[in-house]
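To keep things clear, I will list the structure first and then write my remarks on it.
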Amino acid sequence: MEWLKALIVVAVVLVVVRGFLFSTVQVKGTSMEPNFIHQDMVVLNRMSYVVGNVQRGDVIVCRQVWSTGEENLIKRVIGLPGDEIDMVRQQDGSYQVAVNGTVLEEPYLKEPMEQIGDQEYPYTVPEDCYFVMGDNRNQSNDSRFLAVGAIPQDQIYGKVVLRIWPISRFAVF
């Protein structure tokens, strides 16, 4: 009888941890390459933004509502509420992101960004929203496009804290 009680306690703890604290998400698509590739399995800390604030550079999973349904997106936070986002054209024709007048250093990018989307710049991130972009900017549907726009705080599921699969790419973030 004692082992049954212990088993029930463990099951309840697992349900609470899995349902409220952490969850797993499988990456779909190429928008976060080279850092996250199609079918990587990541762990989200769902309490990160209940007890703390979203930070620039965080990798998040958020919900996007399309006319055809909902989709989870994995993106990097570029702009916080009130930030001014601009796209600075470089001599080679590519673009770099500037936040509040400062060009971001983005060593995580796959390649230089060639498209700025259909957003109008400079763009001010609305209150309680976040400007998000993929690391593979040339293959990412993100806040640069009006169809996505800034992501409201209540559509953010959590912060990516681990990559657990494939095991050869295990990483802590």
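The values are calculated or read from the model by the stated rules, or taken from the named source; none is laboratory data. Given the structure is predicted, the values throughout are model-derived calculations rather than measurements. Glycine gets a Cβ as well: all are built from the backbone with ideal geometry, and neighbour counts include every protein chain shown. Heavy atoms of the whole protein, side chains included, go into the accessibility calculation; ligands, DNA and RNA do not. Shrake-Rupley method; radii C 1.70, N 1.55, O 1.52, S 1.80 Å.
Looking at this structure, is Asn35 assigned to a loop (DSSP other than H, G, I, E, B) and not small (Gly, Ala, Ser)?
yes
Flag: Ser48 does not match the condition of being hydroxyl-bearing (Ser, Thr, Tyr) and without any contact (Cβ under 8 Å) to a residue 60 or more places away in the chain.
Taken over the stretch 66-116, the criterion of being in contact (Cβ under 8 Å) with a residue 24 or more places away in the chain, farther than 24 Å from Asp40 by Cβ, open to solvent by 30 Å² or more (accessible area, probe 1.4 Å) and in a strand (DSSP E or B) is satisfied by Glu84, Asp86. When the stretch 119-148 is examined, which residues are found to be open to solvent by less than 10 Å² (accessible area, probe 1.4 Å) and either touching a residue at least 60 places away in the same chain (Cβ under 8 Å) or not charged (D, E, K, R) (or both)? Across the stretch 119-148, the qualifying residues are Val125, Phe131, Val132, Met133, Gly134, Asp135, Asn136, Ser140, Asp142, Ser143.
Under the condition of being out of contact with any strand residue (DSSP E or B) (no Cβ under 6 Å at 6 or more places or on another chain) and at pLDDT 95 or above, the residues counted in the stretch 55-80 number 3. Scanning the stretch 154-173 for residues that are under 12 Å from the mean Cα position of the chain (by Cα) and of a type outside the set (A, V, I, L, M, F, W, C) gives Gln155, Tyr157, Gly158, Lys159.
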